[in-house]
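Working notes for the structure below.
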Amino acid sequence: MNENTSMTVTTADQSLLAEFSGGAAGDVEMMIGIGLVKDSDAVFFQYMGEEQTKALMLDSGKPLTRLANVTLTGISIAEDVGEFKSTKLNLYLQSSQGRVIMLTSGLATIWSQCVLTALQGLYANGGLTDAFTLDTWKGNSKMRPCFAAIRQGREKVSDQLMYDALRDARADRDTAKIDQLRA
């Protein structure tokens, strides 16, 4: 997948964006990569085949950063993906209208670690099957990593012990420990 190719979202895709950001219905499924184009303000990019992606933008011209009222329908780890043989975290989310999308990101990314920490918090609170909102944003550092948070209602959900363990393992550059914590 060429990470430097992006386009704006077409009108046909707007119904799906409206649904996941709180709006209408339709019958579309898509695979979405996280933070594929570092110099773009967009965080979500729809895969359009082998060589192309397009930034998911709202009608206002701002990037889509929130997937509202979604439920987790699946999670998987895919190994040896693409040209660089990456390991990917795949999240399957369903809208209130029953549409399923797959979000994919490198397993070792900050975004994946944020999501896993939040999902662990949902699990600990018994809310893994309940609807939630997934927020994603880009950081300000040179590499512009993507971050994520999950909210149920107004409450941010996380597992502080897992967060602290991952932070410490990253600080020590202990990749074996990071992999063990994500497993």
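Restricting the search to the stretch 120-133, which residues are crowded, with 21+ Cβ neighbours inside 10 Å and touching a Leu at 6+ places or on another chain (Cβ under 9 Å)?
132 - this is the single residue of the stretch 120-133 that is crowded, with 21+ Cβ neighbours inside 10 Å and touching a Leu at 6+ places or on another chain (Cβ under 9 Å).
I'd like to verify a number: residues in the stretch 48-62 that are more than 21 Å from residue 137 (Cβ to Cβ) and surrounded by 10 or more Cβ atoms within 10 Å (Cβ to Cβ), how many?
Matching residues across the stretch 48-62 total 2.
Here's a check for you: in the stretch 137-175, which residue that is under 24 Å from residue 57 (Cα atoms) and touching a helix residue (DSSP H, G or I) at 6+ places or on another chain (Cβ under 7 Å) is most open to solvent (accessible area, probe 1.4 Å)?
147
Count, please, the residues in the stretch 125-139 that happen to be closer than 16 Å to residue 42 by Cβ and without any contact (Cβ under 8 Å) to a residue 60 or more places away in the chain.
1
Checking residue 57 against (1) touching a residue at least 12 places away in the same chain (Cβ under 8 Å); (2) on the phi > 0 side of the Ramachandran plot: exactly one of these is not met. Which one?
With (1) touching a residue at least 12 places away in the same chain (Cβ under 8 Å); (2) on the phi > 0 side of the Ramachandran plot applied to residue 57, the lone miss is (2).
With the checklist (1) at pLDDT 90 or above; (2) open to solvent by 20 Å² or more (accessible area, probe 1.4 Å); (3) within 16 Å of the chain's Cα centre (by Cα) in hand, flag the one item residue 112 doesn't pass.
Looking at each condition in turn, residue 112 falls short on (2).
The values are calculated or read from the model by the stated rules, or taken from the named source; none is laboratory data. Values in this document were obtained by computation on a predicted structure and should not be read as measured data. Neighbour counts are summed over all protein chains in view; Cβ atoms, including those assigned to glycine, are modelled from backbone coordinates with ideal geometry. In case anyone asks, the SASA skips ligands and DNA or RNA and just uses the protein heavy atoms, side chains included. Shrake-Rupley method; radii C 1.70, N 1.55, O 1.52, S 1.80 Å.
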